[in-house]
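Notes to accompany the following structure.
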Amino acid sequence: MINFHTLIRFLLVCLTATTTAAASPYPNRPIRLVISYSAGGPVDIVGRLAGMKLAESLGQPVVADNRAGANGNIATEIVARSTPDGYTLLVGSNGSIAINPGLYRALPVDPVRDLAPVIMLASSPLALVAHPSVASNTVKELIQQAKARPGSLNFSSAGNGSSAHLAAELFKNLAGVDLSHIPYKGAAPALTDLVAGQVQIMFTGVSATLSYIRGGKLKPLGVTGDKRVAVLPDVPAIGETVTGYEVMTWYGVFAAAQTPPPILNLLTRTLADASATRDIRQRLGALGAEPVGLPPENFAPLIRREIAKWTKVIRDAGINPE
């Protein structure tokens, strides 16, 4: 039989341990960083840079966990359904956060309702590139060529509803041209066939095209941001020719909704400081990206605007996921 005084001492020890654990400052154990795409891509690279800086600044290990699949929906659901304590974070992009709500009729979670934005880390434009056999050398010439022979120009993409596909659909809409879409199972085979001349043009990540552009295997016609990029200084922004055209790929960190504000604020400050460092700027520059450091109060409304923008593009074009 348990002695009454022994039981009391045991309960006091348990209570003290629980109180001490609850009072321990965040973080006091490893942080899981769920990355919504496979290893080696831009989301993964940006995520691992963020994880490295979090580990350095917070003094706890940050474990990268790549959970690719379903256009990022798998990773998003994992974090949205996790305990809101700041120990499970998401690295997502505009594809998984802003495009998927308009692309899928039923999502397992709502990115706006079920996630808390921490920070937009970085953004980068896409490049509009063409096979050398294409007669056009500028965006203006491409539009003229497309209007002269509607549907004769085709473009490849990583698949229906991908960022590259939607960038082309927005271009078609604003420029008033008819281009034929050829979807692939990923960006790599789409780019491979472009280089081989099986397709004619493509919107794709700047970093993926640089070696082909420098080797003369592709020619750049424009970039999708609102300004030129440092790695392609002579390539104009498409918006210089097509009024209102702007497409940016962005990368952000998110926590589960209801994560305590002090934890979110600490993560935001830490990652904002990291994005301003010289080494992060250089590493992002190699990807054709720039650090942004956009805080939640600005990031959240941007996400809502992006969801509305891409939902309209998807509906107007009648796009369905594969």
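The values are calculated or read from the model by the stated rules, or taken from the named source; none is laboratory data. The structure displayed is predicted, hence computed values, not measured ones. All Cβ positions, glycine included, derive from the backbone under ideal geometry; neighbour counts span all protein chains shown.
Annotation note: Cβ proximity below 8 Å between a residue of the range 38-54 that is free of Cβ contacts under 8 Å to residues at least 60 places away in the same chain and assigned by TED's automatic domain parsing to the domain that holds V253 and a residue that is surrounded by fewer than 21 Cβ atoms within 10 Å (Cβ to Cβ) and assigned to a helix (DSSP H, G or I) (sequence gap 6+ or interchain) occurs for S38/D44.
Residues in the range 122-145 that are over 16 Å from G176 (Cβ atoms) and without any contact (Cβ under 8 Å) to a residue 60 or more places away in the chain: A135 only. The number of residues in the range 188-203 being touching a helix residue (DSSP H, G or I) at 6+ places or on another chain (Cβ under 7 Å) and part of a helix (DSSP H, G or I) comes to 2.
Do we have any residue at all in the range 266-281 that's hydrophobic (A, V, I, L, M, F, W, C), under 15 Å from the mean Cα position of the chain (by Cα), closer than 11 Å to I119 by Cβ and surrounded by 13 or more Cβ atoms within 10 Å (Cβ to Cβ)? Looking for residues that are hydrophobic (A, V, I, L, M, F, W, C), under 15 Å from the mean Cα position of the chain (by Cα), closer than 11 Å to I119 by Cβ and surrounded by 13 or more Cβ atoms within 10 Å (Cβ to Cβ), one finds none in the range 266-281, hence no. If you go through the range 208-230 one residue at a time, how many are under 12 Å from S124 (Cα atoms) and surrounded by fewer than 18 Cβ atoms within 10 Å (Cβ to Cβ)? Qualifying residue count for the region: 4.
Screening A175, A158 for residues that are touching a helix residue (DSSP H, G or I) at 6+ places or on another chain (Cβ under 9 Å) and within 20 Å of G205 (Cβ to Cβ) leaves exactly one candidate, A158.
Residues that are touching a strand residue (DSSP E or B) at 6+ places or on another chain (Cβ under 9 Å), hydrophobic (A, V, I, L, M, F, W, C) and closer than 27 Å to S211 by Cβ: find the strands (runs of 3 or more DSSP E) completely inside the range 52-149 holding 3 or more of those.
115-130
Per this entry, D193 is not counted among residues that are out of contact with any Phe, Trp or Tyr (no Cβ under 9 Å at 6 or more places or on another chain) and not polar (S, T, N, Q).
Among the residues of the range 102-113, some residue qualifies, meaning at least one is surrounded by fewer than 20 Cβ atoms within 10 Å (Cβ to Cβ) and either under 30 Å from P220 (Cα atoms) or of a type in the set (V, I, T) (or both).
The set of residues in the range 284-320 being more than 17 Å from the chain's Cα centre (by Cα) and crowded, with 16+ Cβ neighbours inside 10 Å consists of V313, I314, A317, I319. Only one of the numbered conditions (1) more than 16 Å from the chain's Cα centre (by Cα); (2) within 24 Å of I314 (Cα to Cα); (3) assigned by TED's automatic domain parsing to the domain that holds A196 is not met by A135, and that is (2).
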